[in-house]
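J.: Have a look at this one before I ask anything.
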Amino acid sequence: MGGTADRRRGADRAVRLSVGGPDSTDPAQLRGAIKDAADGLVQPGPTDTDANPANGPPADRLRDITPLGRYARLDDMAATIAHLAGDGGRRISGTTITIDGGLNT
């Protein structure tokens, strides 16, 4: 069998963290959560970090428009990344998981 399947057999898994505008998560703060990898993309919404504190200027507005009504914590991101990187992510490939408390629904 040739192609992608051969190249990927036995390869490490990779978790990618989407980082963008001012209400994104600083990936440096999550590095400790990524041990192995899974072929997935984690896309965080408003997350309480030093760069985007839950008590910062846009926080009230973001909480008001987020169905869960709160900022994510770093451990929310870490738990999803750990799942993807661990046994639970063995069969997950090429997917994006959005962790935004329902903001983009």
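J.: Between Asn104 and Arg70, what is 0.36 nm times their sequence separation minus the Cα-Cα distance? Round to one decimal in nm.
T.: Numbers: separation 34, 0.36 × 34 = 12.24 nm, distance 1.40 nm.
Residue separation times 0.36 nm, minus the Cα-Cα distance, leaves 10.8 nm.
J.: State whether the stretch 34-105 is rounded, prolate or oblate according to the following rule on the C-alpha gyration tensor (a ≥ b ≥ c being the square roots of its eigenvalues): a/c under 1.5 gives rounded; otherwise a/b larger than b/c gives prolate, and the remaining case gives oblate.
T.: Details: a/c = 3.19, a/b = 2.01, b/c = 1.59.
It is prolate, given that a/c is not under 1.5 and a/b is the larger ratio.
J.: At a Förster radius of 35 Å, what calculated FRET efficiency corresponds to the Cβ-Cβ distance of Ala51 and Arg91, to the nearest 0.05?
T.: Values: r = 34 Å, r/R0 = 0.96.
For Ala51 and Arg91, the calculated efficiency is 0.55.
J.: Let me check something: with ligands and nucleic acids excluded, how do Thr49, Thr98 order by accessible area (1.4 Å probe), largest to smallest?
T.: Values: Thr49 5, Thr98 70 Å².
Descending accessible area places them as Thr98, Thr49.
J.: Could you give the nm distance between label points at Leu41 and Asp60, where each point is 7 Å from its Cα heading toward the beta carbon?
T.: Result for the modelled spin labels: 3.5 nm.
J.: A follow-up question, please. Calculate one ³J(HN,Hα) per residue across the stretch 58-63 by plugging θ = phi - 60° into the Karplus curve 6.51 cos²θ - 1.76 cosθ + 1.60, and present them in order as whole Hz with x for glycine and proline.
T.: x, 4, 4, 5, 5, 5
The values are calculated or read from the model by the stated rules, or taken from the named source; none is laboratory data. Small disclaimer: the values here were computed from a predicted structure and weren't measured. Neighbour counts run over all protein chains shown; Cβ positions are idealised from the backbone, glycine included. Protein only, heavy atoms only, side chains kept; ligands, DNA and RNA dropped before computing areas. Shrake-Rupley method; radii C 1.70, N 1.55, O 1.52, S 1.80 Å.
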